[in-house]
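Read through the structure below, which is laid out as structure tokens, and then see the notes.
Read-outs: derived from the displayed coordinates by stated rules, not from any lab. Since the model is a prediction, treat every value here as computed from it, not as a measurement. Here Cβ is always computed from backbone atoms with ideal geometry, including for glycine, and neighbour counts include all displayed protein chains.
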């Protein structure tokens, strides 16, 4: 089964503004919605959603995201673990700590990354977007 890790913006757009997604990202989320692929949502993405909602930069919150994904067998929340911490330590070239943690999750799980953020290219993870 194909395994994906969703960057925060990709997950939010999938749930609230799917037209913002690239074509390949839309197909990947559709495969997860249908249970054909597994899309992992890093716990740090949920933390970032909470922070953005607190600052009135998002109209959806963590509870909304979890409700939307519940019942879809193609989604799982990925807890932060030691393997991700090791990958995080190796990613000194990624300046944004949230991006670095999401990328570390993808590397630690051997997953593709759902993200529009091309600064995450070149770190050994296949980025899915267009």
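Structure values in brief
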{"read-out": "Single condition residue 58 does not satisfy, out of (1) in a helix (DSSP H, G or I); (2) in contact with a helix residue (DSSP H, G or I) (Cβ under 6 Å, 6 or more places away or on another chain)", "value": "(1)"}
{"read-out": "Residue within region 2-13 that is buried (at least 16 other Cβ atoms within 10 Å of the Cβ) and farther than 23 Å from residue 121 by Cα present", "value": "no"}
{"read-out": "Residue satisfying all of: in region 30-47; part of a helix (DSSP H, G or I) and under 11 Å from the mean Cα position of the chain (by Cα); farthest from residue 69 (Cα to Cα) among these", "value": "44"}
{"read-out": "Given (1) under 15 Å from residue 129 (Cβ atoms); (2) crowded, with 16+ Cβ neighbours inside 10 Å; (3) touching a strand residue (DSSP E or B) at 6+ places or on another chain (Cβ under 6 Å), number of the condition residue 24 does not satisfy", "value": "(2)"}
{"read-out": "Residue list for region 49-90, restricted to those being buried (at least 16 other Cβ atoms within 10 Å of the Cβ) and in contact with a strand residue (DSSP E or B) (Cβ under 9 Å, 6 or more places away or on another chain)", "value": "65, 69, 74, 75, 78, 80, 84"}
{"read-out": "Selection count where residues are touching a residue at least 12 places away in the same chain (Cβ under 8 Å), more than 15 Å from residue 41 (Cα to Cα) and assigned to a helix (DSSP H, G or I), scope region 91-130", "value": "2"}
